[in-house]
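Below is one structure, written out as structure tokens; comments come after it.
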Amino acid sequence: MIALLCLAAMLVVPPASLDPIQIWGAFERDVRDQRIEKTEAKALFPQIYGQLKELCRPDDFKESGRWVFPVQGYTLRDVGKGGFRPYIRYGLSPIKGYNFYDGNRHGGHPAYDIFIRDKNMDCLDDRTHKAVNVLAPVDLLVLSTYEEWHKGSEIRGGNYVWALDPIHDRIFYFAHLLKVEAQAGSVCRAGDVIGTVGRTGASAASTRSPTHLHFMVLSVKRDELASFDYWGFLR
């Protein structure tokens, strides 16, 4: 409730004094933790998104028809087969299908999981014995980050990053990170390091889950954040 009150307070101050990055951060966590009703969140989103777009000068972001592969040193062969299933029931969620506004309770799996070589589950590549970098596929504005996950936490994404591709109106989500390198409000160029692949998250930390990056992209259409199948761009 405190976070929701803070978000409400932010949105009633004069627009000139608003920090869109801070507003998104409060909004994203309120949605995640279900401290805001879905109808209210959907009503607020277009206003928040419009402010984020205003931060993005066109010259700061380059058009790219081919993405940088998001896990350094890996390829399409390391992507889990059939991962993009936005309309299913998934995990312990009682909800069928993905909806951003369902927050941490969402259903579906509107993403691909990219697995690394890590048989002993120490979050290091078995060949290089180093952490594996997660890279920005395109130029992105980093919207919010979370690096406070701990064992026992019910946050399914673990440590994560939300980022915006303003050219194509797409929001990127990188989850289960070990470390977060990106900073909210900064611009990451294609190929810049977002963080490192980890095992954080309610299910990802389990020994039954191979070490992977959960990588999701949502397409913004007014108040909707639609699941986007980006497989063709990884080629």
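Let me understand region 144-235 better: what is its radius of gyration from the alpha carbons, and its Dmax, in angstrom?
Spelled out, the Cα radius of gyration and Dmax of region 144-235 are 13.7, 40 Å.
Using the alpha-carbon atoms, what tilt in degrees (0 to 90, nearest 10) does helix 38-55 show relative to the longest principal axis of the chain?
Around 90 degrees separate the two axes.
Apply the Karplus parameterisation 6.51 cos²θ - 1.76 cosθ + 1.60, with θ equal to phi minus 60°, to every residue of region 100-116 and state each ³J(HN,Hα) to the nearest whole Hz, in sequence, with x for glycine and proline.
Per residue, the Karplus-derived 3J(HN,Hα) values read 3, 6, 7, x, 5, 9, 4, x, x, 9, x, 7, 10, 9, 10, 8, 10 Hz.
Specify the residue with the greatest mean-square fluctuation among Arg85, Arg222, Arg32, computed from a Gaussian network of the chain linking alpha-carbon atoms under 10 Å apart.
Top of the fluctuation ranking is Arg222.
Please turn the phi angles of region 76-88 into ³J(HN,Hα) values with the Karplus equation 6.51 cos²θ - 1.76 cosθ + 1.60 (θ = phi - 60°), one per residue in order, whole Hz, x for glycine and proline.
Once rounded to whole Hz, the list reads 4, 5, 9, 8, x, 6, x, x, 7, 9, x, 9, 8.
With a cut-off of 8 Å between alpha carbons and a minimum separation of six or more residues, what is the relative contact order of the chain in percent?
Values: 508 pairs, mean separation 45.3, N = 235.
Computed value for the chain: 19 percent relative contact order.
Among all stretches of the chain without exposed GluC sites (Glu not before Pro) (DSSP loop, at most 13 other Cβ atoms within 10 Å), which one is longest?
64-147
Where does helix 20-32 land angle-wise versus the long Cα axis of the chain, in degrees 0 to 90, nearest 10?
70
Just add up the charged neighbours of Phe61: K/R +1, D/E -1, any other residue whose Cβ is under 15 Å from the Cβ of Phe61.
Result for the local shell: -3.
List the trypsin sites (Lys or Arg not before Pro) in region 48-136 that DSSP assigns to loop (not H, G, I, E or B) and whose Cβ has at most 14 other Cβ atoms within 10 Å. Which are they?
Details: sites: Lys53, Lys62, Arg66, Arg77, Lys81, Arg89, Lys96, Arg105, Arg117, Lys119, Arg127, Lys130; in loops: Lys62, Arg66, Lys81, Arg117, Lys119, Arg127, Lys130.
Of the trypsin sites (Lys or Arg not before Pro), the ones in loops of region 48-136 whose Cβ has at most 14 other Cβ atoms within 10 Å are Lys62, Arg66, Lys81, Lys119, Arg127, Lys130.
Please report Leu218, Leu140 as a ranked list, fewest other C-beta atoms within 10 angstrom at the top and most at the bottom.
Fewest-to-most ranking of Leu218, Leu140: Leu218, Leu140.
Given a Förster distance of 30 angstrom, what is the FRET efficiency for Tyr87 paired with His129, based on the Cβ-Cβ distance and rounded to 0.05?
Using R0 = 30 Å, I get an efficiency of 0.15.
Could you list Lys151, Lys38 in order of exposure, starting from the residue whose Cβ has the fewest other Cβ atoms within 10 Å?
In increasing order of surrounding Cβ atoms, one gets Lys151, Lys38.
For n ≥ 4 DSSP H runs only, could you compute -39500 (n - 2.57) per run for the chain, divide by its residues and tell me the 222 nm figure to the nearest 500?
Per the formula, -6000 deg cm²/dmol.
Using Cβ contacts closer than 10 Å as the measure, can you line up Arg156, Arg208 from fewest to most? Walk me through the numbers on the way to the answer.
On the way: Arg156 24, Arg208 5.
Placing the least packed residue first, the sequence is Arg208, Arg156.
Once phi is turned into θ = phi - 60°, what whole-Hz ³J(HN,Hα) does the Karplus curve with 6.51, -1.76 and 1.60 give for every residue of region 199-209, x standing for Gly and Pro?
10, 8, x, 4, 9, 5, 6, 5, 5, 7, 9
Just so you know, all these numbers are worked out from the coordinates, no wet-lab data involved. Remember, predicted model here, so these are calculated numbers, not experimental data. Note that we place each Cβ from the backbone using ideal geometry, even for glycine, and neighbour counts take in every protein chain shown.
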